[in-house]
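Notes for the one structure printed next.
The values are calculated or read from the model by the stated rules, or taken from the named source; none is laboratory data. The structure presented is a predicted model; accordingly, all values stated were derived computationally and were not measured. Counting neighbours? That spans all protein chains shown, and the Cβs are built from the backbone with ideal geometry, glycine included.
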Amino acid sequence: MTKITVDADCDNAPKKQFIKDFNIAFAYADMNKVVDMMSDDAEWVVVGKGRWTGKESIKNILKEMNTPEADTLHLENILSHGKLCSANGVITYKDNKVAFCDVYEFENHSNTAKIKKNDLLSYRYCVG
């Protein structure tokens, strides 16, 4: 079972809670939930790795990556302003540790908005 640690306070900030839930789903390797949290025309950019457009493309690359359930997820910060959010932390797997900083843009300001096209930008570095 994945150990989850969240330093960020998400009280009274629905988008911050959404991003927390998104990262926890990724840590649990629940890629169906991860993809469901994106808009149909979402775009995922992993700096230095590639760009995937649309839910099906993202679902396929996630399947290809075959990311296992993480041992730990430490969410250090979640920032939110309007339609924008960012999160950073460290996710640890059996054989490696990855520091990440992701930038998200939502479809709109609604509390039910999903992650929008062209703006899931991920910086990931293996740190161990």
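Here are the numbers:
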item	result
Ser86 vs. criteria touching a Cys at 6+ places or on another chain (Cβ under 8 Å), of a type outside the set (Asp, Glu) and either assigned to a strand (DSSP E or B) or touching a residue at least 24 places away in the same chain (Cβ under 8 Å) (or both)	yes
Members of the range 57-75 that are modelled with pLDDT of 95 or more and among the acidic types (Asp, Glu)	Glu69, Asp71
Test: residue in the range 4-14 that is loosely packed, with under 13 Cβ neighbours inside 10 Å, at negative phi and of a type in the set (Val, Ile, Thr)	yes
Search result, residues across the range 89-112 that are free of Cβ contacts under 8 Å to residues at least 60 places away in the same chain and outside any strand (DSSP E or B)	Tyr93, Lys94, Asp95, Asn96, Asn108, His109, Ser110, Thr112
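This table checks each residue for (1) in contact with a strand residue (DSSP E or B) (Cβ under 7 Å, 6 or more places away or on another chain); (2) crowded, with 16+ Cβ neighbours inside 10 Å; (3) under 18 Å from Cys10 (Cα atoms).
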site	(1), (2), (3)
Arg51	yes, no, no
Gly54	no, yes, no
Lys63	no, no, no
Asn66	no, no, no
Asn77	yes, no, yes
Thr92	yes, yes, no
Phe106	yes, yes, yes
Asn111	no, no, yes
Lys116	yes, yes, no
